[in-house]
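The structure appears below as structure tokens.
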Amino acid sequence: MSDYYAILGVSRDASTDEIKRAYRKLARQHHPDVAGPDSAEKFKDIAAAHDVLSNPEKRRAYDMGGMPGMAGGGAGSGFGFSDIFESFFAAAAGGGAQRGPVPRSRRGQDALLRIDLELADAAFGVTKEIEVETAVMCTTCQGTCCQPGTSPVTCDVCHGRGSVQRMARSFLGQVMTTTACAACSGFGTIITSPCTECAGEGRVRTQRTVRVNVPAGVDDGTRIKLTGQGEVGPAGGPPGDLYVEVRERRHPIFTRRGDDLHCTTEVPMTAAALGTVLDLETLDGVQQVDLRPGTQPEEVVTLRGLGVGHLNGGGRGDLHVHVSVAVPGKLDEDQERLLRELATLRGEERPEARLAPAHPGVFSRLRDKLQGK
């Protein structure tokens with residue numbers, strides 16, 4: 001039985017990090033590309049030892065004596081129940097065919113960015129240019145991960161397959177298992193001269209400017225998808241998507257409810273009684289608001305089409321102007337005299353109290369409905 005701890009030169013209580021460090025050191029020393037073809041068997045032993053000892057389940061089984069090595073200079077390695085089932089399922093699916101190499105190039109991650117918008121920008125739409133820190137393709141190696149003029153070389157251990165087969169003994173007999181090649185991490189090739197600009201990643205991080213077309217009608221929390229504007233993947237892989245989330249700033253005057261806007265204007269008691277025309281500053285500039293004579297407090301005047309644009313559709317919401325009537329708190333002698341004369345003319349010197357039912361609340365209406373009223 002091969003002593004994997006002795007092969008890696010670590011103690012039996014070595015941590016996972018210690019095992020990985022020992023493996024990396026020995027792999028560099030005994031890789032066939034460095035030490036020559038004669039070191040291939042030694043390198044296989046090192047890879048097999050790392051494969052077992054870096055896996056907690058396999059290491060535990062090995063320590064219990066359940067993972068014997070096969071005769072033949074370290075060709076065997078340990079296995080767990082997962083290896084047995086994996087080999088059986090692989091055999092049923094394709095006669096135990098070896099897996100192909102893993103591609104280095106992978107799709108990049110999606111990214112999320114938030115932008116703050118004024119109410120007018122959300123109402124009419126706007127184009128924004130934003131700075132994004134993201135991964136882009138390395139211009140030095142063009143995503144190949146190699147120094148210019150070099151290219152990946154075929155792995156001498158798996159011969160480009162990205163996986164290796166090994167025979168193991170079990171209570172079911174001898175089992176052939178297939179695992180990712182530890183020498184090339186399953187890629188099938190090894191980069192001997194990594195690009196110094198991107199450290200062999202095929203991409204670098206930088207800032208770039210992205211143009212975002214914000215449509216009219218977006219609301220707080222709306223996400224805009226920019227396809228292909230996310231991070232470039234490793235080894236020049238296709239980029240992910242960029243999502244821009246809208247945060248709408250609170251407006252000092254207007255309150256938004258869906259695509260409608262609401263505001264309050266205060267008018268004097270006399271203007272409400274006699275009627276008047278107000279100049280109101282809106283998102284579309286100054287608009288005139290007609291108040292009819294006898295306008296009551298809390299009355300609402302609606303200006304059609306002066307709200308927020310409809311998202312994914314034409315037209316706009318409305319602007320609702322809530323009227324607040326200001327009653328003077330202090331009168332001079334002439335004002336008081338005129339008001340008393342008006343009260344006399346209207347017969348309101350001593351008005352009678354006219355009671356009206358209070359507006360029922362939500363729970364009162366629910367109670368009345370349940371009681372059939």
When restricted to GLU201, GLU118, the only residue over 30 Å from GLY285 (Cβ atoms), of a type in the set (D, E, K, R) and not assigned by TED's automatic domain parsing to the domain that holds LEU261 is GLU201
Return yes when ARG161 is basic (Lys, Arg), part of a loop (DSSP other than H, G, I, E, B) and either over 30 Å from ASP259 (Cα atoms) or under 33 Å from the mean Cα position of the chain (by Cα) (or both) and no when it is not. yes
Verdict on GLY230 being out of contact with any strand residue (DSSP E or B) (no Cβ under 9 Å at 6 or more places or on another chain) and of a type outside the set (A, V, I, L, M, F, W, C): no
Which one is nearest to VAL214 (Cα to Cα) among residues in region 265-317 that are free of Cβ contacts under 8 Å to residues at least 60 places away in the same chain and of a type in the set (D, E, K, R)? ASP284
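Yes/no matrix, rows are residues, columns are (1) of a type in the set (Val, Ile, Thr); (2) in contact with a strand residue (DSSP E or B) (Cβ under 7 Å, 6 or more places away or on another chain); (3) assigned to a loop (DSSP other than H, G, I, E, B):
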| site | (1), (2), (3) |
| --- | --- |
| ARG106 | no, yes, yes |
| ALA135 | no, yes, no |
| GLU201 | no, no, yes |
| ARG205 | no, yes, no |
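From the list ARG106, ARG161, which one is more than 22 Å from ASN213 (Cβ to Cβ), surrounded by fewer than 16 Cβ atoms within 10 Å (Cβ to Cβ) and touching a residue at least 40 places away in the same chain (Cβ under 8 Å)?
ARG106
Picking from GLU245, GLU231, which residue would you name as being assigned to a loop (DSSP other than H, G, I, E, B) and touching a residue at least 40 places away in the same chain (Cβ under 8 Å)?
Details: GLU245 fails: assigned to a loop (DSSP other than H, G, I, E, B).
Among GLU245, GLU231, only GLU231 is assigned to a loop (DSSP other than H, G, I, E, B) and touching a residue at least 40 places away in the same chain (Cβ under 8 Å).
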Please determine, by comparing only the residues of region 173-199 that are surrounded by 16 or more Cβ atoms within 10 Å (Cβ to Cβ) and outside any loop (DSSP other than H, G, I, E, B), which one is modelled with the lowest pLDDT. VAL175
Leading residue by the ranking (surrounded by the most Cβ atoms within 10 Å (Cβ to Cβ)) among those in region 19-70 that are aliphatic (A, V, I, L, M) and either at pLDDT below 75 or touching a Pro at 6+ places or on another chain (Cβ under 8 Å) (or both): MET67
Among SER324, SER364, which is the only one that is at pLDDT 90 or above, under 47 Å from the mean Cα position of the chain (by Cα) and either part of a loop (DSSP other than H, G, I, E, B) or surrounded by 11 or more Cβ atoms within 10 Å (Cβ to Cβ) (or both)? SER324
Got a sec? Which of GLY294, GLY313 is within 30 Å of ALA216 (Cβ to Cβ), at pLDDT below 95 and not assigned by TED's automatic domain parsing to the domain that holds VAL218? GLY313
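Per-residue answers, yes or no, for (1) at negative phi; (2) in contact with a strand residue (DSSP E or B) (Cβ under 6 Å, 6 or more places away or on another chain); (3) acidic (Asp, Glu):
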residue	(1), (2), (3)
GLY221	no, no, no
ILE224	yes, yes, no
PRO234	yes, no, no
PRO252	yes, no, no
GLY258	no, no, no
ALA273	yes, no, no
LEU306	yes, yes, no
GLY315	no, no, no
HIS322	yes, yes, no
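The values are calculated or read from the model by the stated rules, or taken from the named source; none is laboratory data. Owing to the predicted nature of the structure, the values given are computational and were not obtained by experimental measurement. Don't worry about glycine lacking a Cβ; one is built from the backbone with ideal geometry, like all the others, and counts go over all protein chains shown.
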